[in-house]
1. If you go through region 138-148, how many residues are surrounded by fewer than 23 Cβ atoms within 10 Å (Cβ to Cβ) and assigned to a helix (DSSP H, G or I)?
2. State all residues of region 156-198 that are in a strand (DSSP E or B) and among the hydroxyl-bearing types (Ser, Thr, Tyr); if no residue qualifies, say none.
3. Would you be able to tell me the number of residues in region 53-89 that are among the hydrophobic types (A, V, I, L, M, F, W, C) and open to solvent by 10 Å² or more (accessible area, probe 1.4 Å)?
4. Mind listing whichever residues of region 168-182 are over 19 Å from PRO80 (Cβ atoms) and surrounded by fewer than 17 Cβ atoms within 10 Å (Cβ to Cβ)?
5. Count, please, the residues in region 21-37 that happen to be under 12 Å from SER135 (Cβ atoms) and more than 16 Å from the chain's Cα centre (by Cα).
6. So in region 38-47, with the set limited to residues that are closer than 20 Å to ARG180 by Cβ and open to solvent by 70 Å² or more (accessible area, probe 1.4 Å), which one is nearest to the chain's Cα centre (by Cα)?
7. Could you check MET50 against (1) free of Cβ contacts under 8 Å to residues at least 60 places away in the same chain; (2) out of contact with any strand residue (DSSP E or B) (no Cβ under 8 Å at 6 or more places or on another chain); (3) open to solvent by less than 20 Å² (accessible area, probe 1.4 Å) and say which number it fails?
8. Could you name every one of the helices (runs of 4 or more DSSP H) located completely within region 1-116 that has at least 3 residues being at pLDDT 90 or above and in contact with a helix residue (DSSP H, G or I) (Cβ under 9 Å, 6 or more places away or on another chain)?
Amino acid sequence: MLHSGGVVILPTETVYGVAARADRPEAVNRLYAIKGRDFDKPLALCVSGMDAAKNYVTFDRLAKRLAKKFWPGPLTLVLPARDPSLFTRLAPQLYSTAPDGTPTIAIRCPDAIWRTEITFAKIEYPVALTSANRSGEPAPTQASQASKSLGYDVDDMLLLEDCPMEEASTIVSLAESPPRLLREGALPLSALKPFGIT
């Protein structure tokens with residue numbers, strides 16, 4: 001269903017998410033409509049690992065260190081978009097802008113079974129993902145909560161066990177200097193301080 005452009009609910013190690021192909025703007029638009037999310041709030045891009053991520057963003061030394069340490073896991077990195085031509089390859093809602101005007105993408109490698117089962121590298125597309133709740137409501141950590149919130153509107157659901165961390169991913173922007181913590185979540189700030197993140 002995801003491959004054909006549908007919108008689906010998927011579990012992660014943090015909270016249940018709702019996902020669509022990131023290279024299908026019509027699917028991403030529908031994801032926004034289902035969730036009731038403001039179109040000016042970018043989505044995270046999910047990939048299978050750093051090699052896949054390098055197709056979309058630029059890694060500096062610090063970004064590589066963080067990814068090697070915490071991926072797969074509950075860390076979202078905001079990084080400079082690799083190439084302006086990417087605007088033709090991904091839905092525009094995946095992009096944001098750093099303070100200096102640089103196009104950025106929030107990218108994540110979740111520690112979830114579907115990350116390897118879907119094998120992004122083989123089907124050659126990334127996945128746009130956000131929490132599987134109506135905007136303004138708590139993010140679901142249980143299958144029953146995700147199903148109740150968005151289940152009637154999505155095309156399919158992968159409902160497994162409850163999410164073990166029960167908290168959204170931590171978001172760090174490396175597209176500005178100094179790097180900045182945008183949201184503390186399942187990965188505590190104390191784990192990031194040795195990398196100079198405050």
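The values are calculated or read from the model by the stated rules, or taken from the named source; none is laboratory data. None of the values given here were measured: they were computed from a predicted structure. Note: ideal-geometry Cβ built from the backbone for every residue, glycine included; neighbour counts use all protein chains shown. Just the protein is used for accessible areas: all its heavy atoms, side chains included, with ligands, DNA and RNA removed. Shrake-Rupley method; radii C 1.70, N 1.55, O 1.52, S 1.80 Å.
1. Total meeting the criteria: 5.
2. Quick first cut of region 156-198, residues in a strand (DSSP E or B) only: 156-157, 170-173, 180-183.
THR170, SER173, listed by residue number.
3. So the answer is 7.
4. As a first pass, look at region 168-182 and keep what is over 19 Å from PRO80 (Cβ atoms): 168-170.
Those that are over 19 Å from PRO80 (Cβ atoms) and surrounded by fewer than 17 Cβ atoms within 10 Å (Cβ to Cβ): none in region 168-182.
5. In the first step, residues of region 21-37 are kept if they are under 12 Å from SER135 (Cβ atoms); the result is 31-37.
If we keep only those that are more than 16 Å from the chain's Cα centre (by Cα) too, we end up with 33-34, 36.
Of the residues in that region, 3 qualify.
6. We begin by selecting, within region 38-47, every residue closer than 20 Å to ARG180 by Cβ; these are 40-45.
Filter once more, keeping what is open to solvent by 70 Å² or more (accessible area, probe 1.4 Å): 40-41.
Working: ASP40: 16, LYS41: 12 Å.
Among those that are closer than 20 Å to ARG180 by Cβ and open to solvent by 70 Å² or more (accessible area, probe 1.4 Å), it is LYS41.
7. (3)
8. Details: elements: 25-35, 50-53, 61-70.
Hits in region 1-116: 25-35, 61-70.
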